[in-house]
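First comes the structure, then the notes that go with it.
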Amino acid sequence: MERALVLFAHGARAASWAAPFERLREQAQARLPGCAVSLAFLELMAPSLPQEVAALVTRGIGEVTVVPVFLGQGGHVLRDLPAIADALRAAHPGLRLRIAGAVGDDPGVQAAMTEYCVAALSWPGHAWPGDAFPRGDSPAGC
């Protein structure tokens, strides 16, 4: 059975918003050469999750794992995604659909975000919107 991994993100009006998710998809695809890895969005961008899953099923994919690339279990992950998943299961009864937890709830992801946040204290300059800071060593404290 062919498998696919779908990274499910919120979506935004600005196309540039999707760039980090595209990089994430590319990195995941590089690690999973025998698996289709794609992006789908809840709103404002295409493809939607139902569109992407339908396209995968048309390609003969029989198992799809959806990873919500959200920081937490808010309303979209707790209410919207289960409703979409139920509709997908009804529309594609032969499909094995698995839904992972929100990526931000993973302890490893939280540890990486903590390191990034703590390292920000050691970056030169001030943290103003739009500034690009180099990564530095984690400071010993404030």
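The values are calculated or read from the model by the stated rules, or taken from the named source; none is laboratory data. This one's a predicted model, so the numbers in the text were calculated from it and none came from an experiment. Glycine also receives a Cβ, built like all others from the backbone with ideal geometry; neighbour counts cover every protein chain displayed.
Tabulated results
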| read-out | value |
| --- | --- |
| Some residue of the stretch 29-46 being surrounded by fewer than 18 Cβ atoms within 10 Å (Cβ to Cβ), β-branched (Val, Ile, Thr) and either assigned to a helix (DSSP H, G or I) or modelled with pLDDT of 95 or more (or both) | no |
| Residue in the stretch 1-28 that is nearest to Gly104 (Cα to Cα), counting only those that are small (Gly, Ala, Ser) and assigned to a strand (DSSP E or B) | Ala9 |
| Residues (modelled with pLDDT under 95 and under 14 Å from Gly62 (Cβ atoms)) located in the stretch 95-112 | none |
| Yes/no for Ser138 being modelled with pLDDT under 85, surrounded by 13 or more Cβ atoms within 10 Å (Cβ to Cβ) and among the hydroxyl-bearing types (Ser, Thr, Tyr) | yes |
| Within the stretch 63-79, considering residues that are modelled with pLDDT under 95 and farther than 16 Å from Leu24 by Cβ, the one surrounded by the most Cβ atoms within 10 Å (Cβ to Cβ) | Val77 |
| Flag for Arg96 being more than 23 Å from Glu22 (Cβ to Cβ), among the charged types (D, E, K, R) and touching a residue at least 24 places away in the same chain (Cβ under 8 Å) | yes |
